[in-house]
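The block underneath contains the structure these notes are about, expressed in structure tokens.
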Amino acid sequence: MMDEGQLSRGTKVWWWVAGIVILVYALFPVAWIVSLSFKTPSDLGTGQFLPTDWVGDNYDNILRGDAQDLFLSSLRNSVGISLIATFISVVLAMFAAYAIARLDFPGKRLILTTALAVAIFPVISIVTPLFNLWRNIGLYDTWPGLIIPYLSLTLPISIWTMSAFFRQIPWELEQAAQVDGATTWQAFRKVIVPLATPGVFTTAIISFFIAWNDFIYGISLTSTEAARPVPAALAFFTGASQFEEPTGAIAAAAVVVTIPVVILVLLFQRRIVSGLTQGAVKG
Amino acid sequence: MAAITLKDINKRYGDGFHAVKDVNLDIADGEFVILVGPSGCGKSTLLRMIVGLEDITSGELRIGDQRVNEKAPRDRNLSMVFQNYALYPHLTVYENIAFPLRLAKTPDKEVDERVRRASDLLELNEHLDRKPANLSGGQRQRVAMGRAIVREAQAFLFDEPLSNLDAKLRGQMRTEISRLQKRLGITTVYVTHDQVEAMTLGDRVVVLRRGVVQQVATPRELYENPVNLFVAGFIGSPPMNFISATVSGDSLHTPFGEWKLPASRAGDLSGHDVVLLGARPEAFEDVSVVSDAVRDHGVVFDATIDVIEWLGNEQYAYVPYDAPEDIRAQLAELERELDSEALRTQLVVALDASSRIPEGAPASLWLDLRRVHVFDPESGTNLTVEAMKDHGDQAAAATPNGGRPSAAASPGETQRETPRETPGETAPRATSEAGEGGDDTVP
């Protein structure tokens, strides 16, 4: 909103109103979950938005109490699996996207369209065959057993995003580096990679979200704490008795797993600055 | 520093496009050579082949006494200034200039010394800590040059370095480049489509057309003795006037009357029915300001002047005339090839600033016949230069290499072709001439 100063008063008011409506709409479910996580079990059904008593029992339950084993191990799995999947996907996508952006080779379009086709393939239809295959070859309920299917989700989008970033970098920069005495690898590492950093971080965040938020693979391809990620683990929470819903604990766990994502975005959003290539060439 | 030798260099792209054809060129150590031609003539491709960014299809390229065809750009030890500068936006000006030294693992102390020396030379001292994005066009240009001169390269290569600057800055940088080159004395190859840059900067100029070398000569030689219609039309602003004439005996019938050329200019015209006469604007004059001493060397004719542009130091008068259809078509084709467009056949005449010839009225003009060239309209060859060569009276001046002692004149260097050969080939190459189309051409 660069020309904010030129907006008339009425327009400004409308912008604020619209902004607040969108904020409330987007944040209401989150606020509800936060509020739920502080309620006592008896308070859950009252229909009130705010808890009558603010209690930390639910957090205590998942971090130190009965659900601790289930939650903490799944948190560890989720972080580990998502990070590894993100890392592999970013590195692979970086080389693939560079090749796609720079080189002219037969089958280039095929790779891009295949990547897109994989991305739109419904996950639920692959899960059952994958379940059988994984059990036969011993990948069922292991970290690699989840990382590999996650790569199939994250790689296509990573390749697409990164090749768009690479295409923005003028080819002359690389040629200039080569004339200046750089090998192809040096030119890539010292010129292209630093300029592609915003693209790398954008891609990393998107990949991380996809892996972090997955539920279907997580619930279908795991059976124990060895590999079960958080979204799947939430379904296994139990209440204090079998007649009690574990809603409070689930809400608390949901809040806890949202925090790393928020931190991640806040940390990296400064790196996602566009216009880093400005000044390279005279446009 | 080293000499660069190109021998039968060819470039054929994957799609069959023959961008550079049998180029032979000897660039002496320390020489400043310009490659010039209209868009798509293969000059950038040629430069990129020298630096190693394009493969050489056939032929041999030697730098110093080494064959470098198979060497990667980094092993050729050349430095290049790109048309769009190609500065590294994530590095400061200092690090940009130091980049080639860092790659060569030069010790920090020496890097600092040499970067400072380069920045002194280019007056970049106060900008060393800034990023390229915060610099003006001229400053970026100087950073790009700093990066080129900081290491001891065998030669400098410039790819239209000034085409992104505005006219005033372009003039300043042109002088700056010339001064720098003289001071450092390093072999330089400079690509441009601007004939003013070509004329002012180069020791020798190579005129290219559709990948074929037309003429290699000093700027003066190109201007005074162009070997064919193309070179004649390309060099000079306003361009040379072409007048069609029919040969009858030893006199020429032109739209402006019967002219009789001196023997030194005409040569043997038997066997030609129609010729094109070429005369630069300054070969004409208002008859009233011509001194009697020289009047006899030219002809006086009457013409109606359409428009006059008075520039202070001189004035240009425009004289429209009718030319035969086929000649007009040929001239239009030539104009198109030179990236301009001829609306009508007209003479552009440079008159003395004191001349008071009025617009729109018939006037008497004088043409110095000693400065007229005769071209064969079929092949485009300059028959006057041919005749001179045959007589041997200006043999040194008319050799293809412009009389540089270091350069051996080989027959391949003055190839000519007929102007209407394979018109499809003029299509500009996106790869080799990228970004050229939008630039303003000759001012």
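The values are calculated or read from the model by the stated rules, or taken from the named source; none is laboratory data. Just so it is clear, the model here is predicted, and its values are computed rather than measured. Here the Cβ positions follow ideal geometry from the backbone for every residue, glycine too, while neighbour counts run over all protein chains shown.
Side notes on the structure shown:
- When the criteria are applied in full, A:ALA211 fails the requirement of being within 14 Å of another protein chain (Cβ to nearest Cβ), part of a helix (DSSP H, G or I) and crowded, with 23+ Cβ neighbours inside 10 Å.
- Enumeration of residues in region B:32-61 that are within 18 Å of B:SER163 (Cα to Cα) and within 14 Å of chain A (Cβ to nearest Cβ): B:SER44, B:THR45, B:LEU47, B:ARG48
- Residues that are more than 25 Å from the chain's Cα centre (by Cα), polar (S, T, N, Q) and under 21 Å from B:PHE242 (Cβ atoms), drawn from region B:276-334: B:THR304
- Where helices (runs of 4 or more DSSP H) fall entirely within region B:224-314, those with at least 1 residues that are basic (Lys, Arg) are at B:263-266, B:292-295.
- When restricted to residues that are in contact with a Leu (Cβ under 7 Å, 6 or more places away or on another chain) and not aliphatic (A, V, I, L, M), region B:80-91 contains 3.
- Condition met for B:ALA133 (in contact (Cβ under 8 Å) with a residue 40 or more places away in the chain and either part of a helix (DSSP H, G or I) or small (Gly, Ala, Ser) (or both)): yes
- Of all residues in region B:62-110 being more than 7 Å from chain A (Cβ to nearest Cβ) and among the polar types (S, T, N, Q), the one that is surrounded by the most Cβ atoms within 10 Å (Cβ to Cβ): B:ASN96
- Residues located in region A:164-197, provided they are surrounded by fewer than 18 Cβ atoms within 10 Å (Cβ to Cβ) and either more than 13 Å from every other protein chain (Cβ to nearest Cβ) or within 25 Å of the chain's Cα centre (by Cα) (or both): A:ALA164, A:ARG167, A:GLN168, A:VAL193, A:PRO194, A:THR197
- Among the residues making up region B:1-20, those that are surrounded by fewer than 20 Cβ atoms within 10 Å (Cβ to Cβ) and under 15 Å from B:ARG209 (Cα atoms) are B:ASN10, B:PHE17, B:HIS18.
- Only one of B:GLY236, B:GLY138, B:GLY146, B:GLY171 that is within 14 Å of chain A (Cβ to nearest Cβ), surrounded by fewer than 22 Cβ atoms within 10 Å (Cβ to Cβ) and not acidic (Asp, Glu): B:GLY138
Yes/no matrix, rows are residues, columns are (1) at pLDDT below 85; (2) polar (S, T, N, Q):
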position: B:GLU337; (1), (2): yes, no
position: B:ARG344; (1), (2): yes, no
position: B:LEU351; (1), (2): no, no
position: B:ALA363; (1), (2): no, no
position: B:LEU367; (1), (2): no, no
position: B:ARG371; (1), (2): no, no
position: B:ASP376; (1), (2): no, no
position: B:THR381; (1), (2): no, yes
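- Region B:376-385, residues that are surrounded by fewer than 24 Cβ atoms within 10 Å (Cβ to Cβ) and part of a strand (DSSP E or B): B:THR381
- Residue within region A:39-47 that is outside any loop (DSSP other than H, G, I, E, B), farther than 27 Å from A:ILE206 by Cα, in contact (Cβ under 8 Å) with a residue 40 or more places away in the chain and not hydroxyl-bearing (Ser, Thr, Tyr) present: yes
- Close pairs (8 angstrom Cβ cut-off, 6 or more residues apart or separate chains): farther than 24 Å from B:ALA266 by Cβ in region B:286-300, not in a strand (DSSP E or B) anywhere: B:ASP286/B:SER355; B:ASP286/B:ILE357; B:SER288/B:SER355; B:VAL289/B:SER354; B:VAL289/B:SER355
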